[in-house]
1. Test Lys115 against the stated conditions and say whether it is among the basic types (Lys, Arg) and over 20 Å from Ala24 (Cα atoms).
2. Within region 1-44, restricting attention to residues that are part of a loop (DSSP other than H, G, I, E, B) and among the charged types (D, E, K, R), which residue is surrounded by the fewest Cβ atoms within 10 Å (Cβ to Cβ)?
3. For Asp235, state whether it is within 19 Å of Tyr11 (Cβ to Cβ) and assigned to a loop (DSSP other than H, G, I, E, B).
4. If you go through region 132-155 one residue at a time, how many are in contact (Cβ under 8 Å) with a residue 40 or more places away in the chain and within 19 Å of His69 (Cα to Cα)?
5. If you take the residues in region 101-141 that are over 23 Å from Glu159 (Cβ atoms) and outside any helix (DSSP H, G or I), which one is nearest to the chain's Cα centre (by Cα)?
6. Report, ordered by the first and then the second residue, all pairs with beta carbons closer than 8 Å, sequence separation of six or more or different chains, a first member in region 85-100 that is under 16 Å from Tyr133 (Cα atoms) and free of Cβ contacts under 8 Å to residues at least 40 places away in the same chain, and a second member that is aliphatic (A, V, I, L, M) and in a helix (DSSP H, G or I).
7. Hey, among Ile236, Ile181, which residue is surrounded by 22 or more Cβ atoms within 10 Å (Cβ to Cβ) and of a type in the set (Val, Ile, Thr)?
Amino acid sequence: MGELKIAAQLYTVREFMTTPEGIADTFRKVKEIGYDAVQVSGIGYIDLEKAELVRRAAEEQGLEICATHVSFDQLEREMDWVIEFHRMWNCRYVGLGSMPDHYRTSREGYVGFAKTTSGFGKVLNENGLRFIYHNHNFEFHKFDGMTGMEILFSETDPECFDFEMDTYWVQAGGADPTEWIRRLKGRMDVIHFKDMVMYQGSQAMAEVGEGNLNWPSIISACRETGVKWAAVEQDICMRDPFESLKISFDNLKKMGL
């Protein structure tokens, strides 16, 4: 079984990546923290100029681009370009960060989304890439006794559709992250590590190891099921986002990653 490796999900530091200089500086800071890989997300529309800029910044810092998030529209309308820039980045995992709103309200919507995205995954497979879907908490709404996540699991083609489970959002949806990691065995190479803490009476995102999720159990399940990449993400930080990435990195190293 392969090693579970850590990556920085760049959505965490998206506000610093709005200019070419910002992208280069962000990659440098991430490397200095200790990360050897990144997931590219939250940088807006990726055209040829931006794709080359990201490729060069990653190469200069010796950072592997392990995964991405692209838009549903790009997958639907610009699949050839999506394939091209992932090959340019030597990146296998093509991620979709969320489901368009109109699919979310019914079982039929989830089934339709499953069929459409399995089609995306088939094309990506044929080109040596892999489609991965990132959940939030809304996928744990039930339709006739079955959660949206369960519908996706049962209605998508396992040969063409993989998951990118988010630990925080599974917990926020009232489910057990460890149970879902085991359930997704063979269909998840990339996972999002994100912690949950109580702050002023409400759930809040926290650095990995600073909240209440059961990390020994989560990491053990990832290793048991062959997850390859743990992408550290924090949508909202209560301190400098680079400091948050460092705290998560240091804590994961102490946990043996």
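The values are calculated or read from the model by the stated rules, or taken from the named source; none is laboratory data. Everything quoted here is computed from the prediction, not taken from an experiment. Counting neighbours? That spans all protein chains shown, and the Cβs are built from the backbone with ideal geometry, glycine included.
1. Here the answer is yes, as Lys115 does meet what is asked.
2. Glu3
3. Here the answer is yes, as Asp235 does meet what is asked.
4. Kept after step one, since they are in contact (Cβ under 8 Å) with a residue 40 or more places away in the chain, are these residues of region 132-155: 132, 134, 139, 148, 151-152, 155.
Next cut, within 19 Å of His69 (Cα to Cα) only: 132, 134, 139, 152.
Number of matching residues: 4.
5. His136
6. Sorted first by the residue in region 85-100, then by its partner, the pairs are Val94/Leu75; Val94/Val82; Val94/Leu124; Leu96/Leu75.
7. After ruling out the rest, the residue left standing is Ile181.
Here's the yes/no breakdown for (1) more than 25 Å from Thr18 (Cβ to Cβ); (2) hydroxyl-bearing (Ser, Thr, Tyr); (3) surrounded by 17 or more Cβ atoms within 10 Å (Cβ to Cβ):
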site	(1), (2), (3)
Ile46	no, no, yes
Val54	no, no, yes
Ile65	no, no, yes
Gly95	no, no, yes
Met99	yes, no, yes
Glu108	yes, no, no
